[in-house]
Each structure stands twice: as C-alpha cells, then as structure tokens.
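Report on the structure given below.
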Amino acid sequence: MGTGNLSRRAMLALAAGSMLRPVAAASGASSAYPSRPVRLISSFAAGGTTDILARLVGKQLFPSAGQVVVVENLPGAGGTIGAAAVARAPADGYTLEMGGVSTHAMAGALYKQLPFDPVASFEPVCMLVYATTAIAVPASSPFRSLADLIAHARANPGKITYGSGGIGSINHLALASLASTVGIDLLHVPYKGGGPAVTSLLQGETQLFAGGSSLLLPHVRAGKLRILAVTEDKRARVLPDIPTVGETVRGFRVVNWYGVLGPAGLALGIREALWKELDRVMRLPEVERQLDAMGLEYPGMSSAAFKASLAEDKERWGRAIRELGILPE
C-alpha cells in the first residue's frame, strides 16, 4: 500500500503554472499587509519539528514591513487544538498555522468529532518542507538492511517491537502500513511523543522506529542508531547512501510534510503575498543549511499544488487508516 502525496513531477508542473499577481489586485488584499504583528500557531509542543520550523521561518518574515511574527504553541489532541484556533480566526492573514500531514491529512480519520474540516476549513498557503522519514534500529541490532528485518519478522511474528509518538502518529502509521504491505506482524508500543519513542529505542525497550531524520540524525552521528531506509520515493539529499523502502518493497512510500495554512476564505492577494515571502525565506542560504542539517527539503510548490496535495493526502491516509482497522477516538 503506497501512501503519500502527488508526484513531485506533478507538483512542479503546478508550481510552474502558478503566476503570482500583485498584492493589491482586486482580491480584497491591502498592499500594506502586514500592518501589525502576525500570529503563527504551532500545533505541537516546543522543541519538535513543527515548533523549530515556525521559529526558523517566523524570524525571517516581513523585514521590509517592520512587523514581527509571534510564534504561539497550542499543542494537544494530535495538533487539532492549534488547528481549531486557526480555523475559527478571522481570514485576514494575521493568524496562521504551522501544520502538518498528521493534523490535516490524518486527523479526519482518527477523531470522531473535530471542530473543523481538516481541508475545507483552511487555505493552504505554502508547503515548507518534506521531512525525511527514516526507519532506524539500534546500532547493536543484527538487522543490517530492511530485507533482513522483514525476513526476521516473517520468521518471528509479533516479536519485533516498534515505538511511536502515539496511535495514529506518522511513526505508527508508517510501520503499520509497511507491516500490512509485506504481510508481517510487528508489535506497536505507543509513547507520548516521538522524542520518548526514540529514547525507548536508544534504551533497548523497542527494536524499531520510523520518524523524522531530525530526531534520529544526532544519534546516528553519535554511533547509537543505524538507519535502514527512508520512506520517500527517492533517496534523501541528507542521506544519499541510504536506500528507500521502495527499493525493497516496490511502490511503498510515505511522505511527511509541514506547511503554513490560513483560515478558509483568506484573500487571494494576501495568500500570494505570503507565498512569495515564504518562498523567499525558504531559499535563503542560512535557512537551506539548517534544513539540510535536519533532513528537511523545501519542495517549492505553488499554493495550488499544496492544496491539491492536501486533498489527495486526506483521501489516501483516510483509506489507509480504515484498512489498518484503526478506529477513530
């Protein structure tokens, strides 16, 4: 079962066809935007990838306007508390969300009642990064490749444990999807976040983890963990020697992303002004260096491509979650 978003070729085509119009076009936007501080809500706790990205981007935005971007953490309920605050905010460009695939593509299938529609209640502005998702084991593990791990799991069903940041997290769904695809039985151990799950791997409480390379790379460089594969459809720039899962399990892919979204109804001129400014920031050499260090990659797609990708992701992940038998809370 392949899960992910639009092909990068399709994204690039959409991006190339998206021509930015002046901010003061007849779209309800003012050329003075922003004329006051902008609130950027991070839907997860401080210290995680969402928060790091919000602060990295926020401090670089709108230098010519002389306005600050205030990053506010509103974590809880899988990112849906922060997302709800953005969904009900005025669509004026002064309240934005640093969101991700879990909140906007997965949450609809994981929660029975949400105070918003993960797609319809938002206006996607800019997909900031693909976050390389890596499958890791302790450095002392006997598994030297993904094929080794799969073969052992087939011979020893239910004996390999993997940690996650909770039921329905991308850590959980990536490995649950892999197990379903190749017909193996892995034992899931949920924790209260990706950080504790990585700690459990380091301490030998679990044997396997799939998560952001930003969490894993420091421990890989310290010789404590080993990465077997990445889940995207091509090898990661930050890990060029690590194979993709698809090189072993044909067609398998999981893509994790983070991006900036506003409330539904955000004026076109403001949306375009935000995209142009975010695109400028993401191409700054100092920002690119920090992204590389964290295993993050800016896709450079248009707002239209982001919107199409989000709608497709919601459908794909909803189907995957139902197939895995995960019941909404």
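The values are calculated or read from the model by the stated rules, or taken from the named source; none is laboratory data. For clarity, every value in this text was computed on a predicted model and none was experimentally measured. Here Cβ is always computed from backbone atoms with ideal geometry, including for glycine, and neighbour counts include all displayed protein chains. Ligands, DNA and RNA are stripped out before the accessible areas are found, and what is left, the full protein with its side chains, is counted by its heavy atoms. Shrake-Rupley method; radii C 1.70, N 1.55, O 1.52, S 1.80 Å.
If I compute solvent accessible area with a 1.4 Å probe over the protein chains, what percent of it on the chain is carbon and sulfur?
54
With a 1.4 Å probe and all protein chains left in place, how much accessible area per residue does the chain have, in Å²?
42
How big is the equivalent ellipsoid of the range 24-114 along its three axes, where each semi-axis is √(5λ) from the Cα gyration tensor, reported in whole Å from largest to smallest?
Values for the range 24-114, descending: 26, 17, 10 Å.
Determine, for each peptide in 145-158, 291-304, the mean count of other beta carbons within 10 angstrom over its residues, then list the peptides with the highest first.
291-304, 145-158
Label points 7 Å out from Cα along the Cβ direction at Leu202 and Arg235: separation in nm?
Modelled inter-label distance: 2.8 nm.
Semi-axes of the range 72-161's equivalent ellipsoid from the Cα gyration tensor, sqrt of 5 times each eigenvalue, largest first, rounded to whole Å?
38, 15, 11
Just from its helices, what would the mean residue ellipticity at 222 nm be for the chain, if runs of 4 or more DSSP H residues each count -39500 (n - 2.57) and the sum is divided by every residue, rounded to the nearest 500 deg cm²/dmol?
The helix-only estimate for the chain comes to -11000 deg cm²/dmol at 222 nm.
Over the chain, what relative contact order in percent results from Cα pairs under 8 Å that are six or more residues apart?
Here the relative contact order equals 31 percent.
When you count, for each residue, the other Cβ atoms within 10 Å and take the mean per peptide, how do 310-319, 240-249 rank with the highest first?
Top to bottom by mean Cβ count within 10 Å: 310-319, 240-249.
How much of the DSSP beta bridge set in the chain is antiparallel, as a percent to the nearest 5?
Roughly 60 percent of the beta bridges in the chain run antiparallel, per DSSP.
How long are the semi-axes of the equivalent ellipsoid of the range 240-296, taking √(5λ) for every eigenvalue λ of the Cα gyration tensor, in whole Å from largest down?
31, 19, 8
Calculate the length of the line joining the C-alpha centroid of the range 135-188 to that of the range 206-272, in whole Å.
Taking the Cα centre of the range 206-272 as reference, the centre of the range 135-188 is 17 Å away.
Relative contact order for the range 119-269: what percent, with Cα pairs under 8 Å and sequence separation of 6 or more?
Averaging sequence separation for qualifying contacts and normalising by length gives 39 percent for the range 119-269.
Amide H neighbours of Cys126 under 5 Å, at least 5 residues apart or on other chains, H built in the peptide plane: list them.
The list, which skips near neighbours in sequence, is Val260.
Past the 16 angstrom mark, what percentage of all C-alpha to C-alpha distances in the range 212-268 do you count?
Distances greater than 16 Å cover 55 percent of the Cα pairs.
In Å and from the alpha-carbon atoms only, list the Rg and Dmax of the range 151-285.
Expressed in Å, the Cα Rg and Dmax of the range 151-285 come to 18.0, 58.
Scan (i) 62, 21, 17; (ii) 35, 20, 18; (iii) 33, 25, 19 for the value of semi-axes √(5λ) of the Cα gyration tensor in Å calculated from this model and give just the label.
Label (ii) holds the value from this structure.
Longer than 25 Å from Cα to Cα, which of Lys159/Lys192; Lys192/Lys276; Lys112/Lys234; Lys159/Lys234; Lys59/Lys276; Lys112/Lys159 are they? Say none if no pair is.
Listed pairs above 25 Å: Lys192/Lys276; Lys112/Lys234; Lys159/Lys234; Lys112/Lys159.
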